[in-house]
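Right, one structure below, let's go through it.
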């Protein structure tokens, strides 16, 4: 078995640009208290405090980050931005739909994490009829590899929390298994002395996705 550094396919040879999906923010890995009441401008109390603390985990949604326990115009604007991000009617108040979405996200313990994992240290170990793709990420994620004897085609995601389409055969990312900062995904049943093209993808616990451009390796 030999270890090779990835060979990279240039964008010009791909025929189309790859979609590399990621958005930036700070992920917060701590539990958040669920909210139990609907809220609008003028609301006060513990639920407003919990709401503000949660919204403040994402600077792009609530840049002021004020936790006052009072639902004022700044909190309403943050709720609108939250609703934009999650395809909810932008009414600026916390109704049943918004409250359900917020509580579901709170239950994950990751806050409003919209930062995709950064893939690095990508390498390949090749055998006669197999290969193992290895990489690391800067945060916990599930790994997935798409591979074929031709360059896998891909399309951008079509909506919020939708995964980009990638063609070819898939390996890895089985449920919650493999959630880690390092990935090692084995491809078996390959043809010997054959060039394969692949794309690595990482999906974190909040559903954020990152992916590489196509690379290739050749079996022994």
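Only the coordinates and a few stated rules stand behind these numbers; no lab work does. All values reported here derive from a predicted model rather than from experimental measurement. Virtual Cβ from ideal backbone geometry, glycine too; neighbours counted across all protein chains shown.
Quote to one decimal, in nm, the extra length available between residue 38 and residue 64 on full extension: 0.36 nm per residue of separation minus the C-alpha distance between them.
The residue 38-residue 64 span can extend by a further 7.2 nm.
More than 14 angstrom separation, counting every C-alpha pair in segment 46-108; what % is that?
Here the tail beyond 14 Å accounts for 50 percent of pairs.
Can you tell me the order of 179-187, 50-58, 209-217 when each peptide is scored by its average per-residue count of other Cβ atoms within 10 angstrom, highest first?
Highest to lowest by the protection proxy: 50-58, 209-217, 179-187.
Sorted by mean Cβ packing within 10 Å, highest first, what order do the peptides 90-100, 126-136, 33-43 take? Before the final figure, lay out the partial values.
Values: 90-100: 16.2, 126-136: 18.4, 33-43: 14.4.
Averaged packing, sorted descending, gives the order 126-136, 90-100, 33-43.
Would you list 218, 201 from fewest to most Cβ contacts within 10 Å?
Fewest-to-most Cβ neighbours within 10 Å comes out as 218, 201.
Using alpha carbon centroids, what distance separates segment 117-133 and segment 32-76, in Å?
Centre-to-centre distance over Cα atoms comes out at 44 Å.
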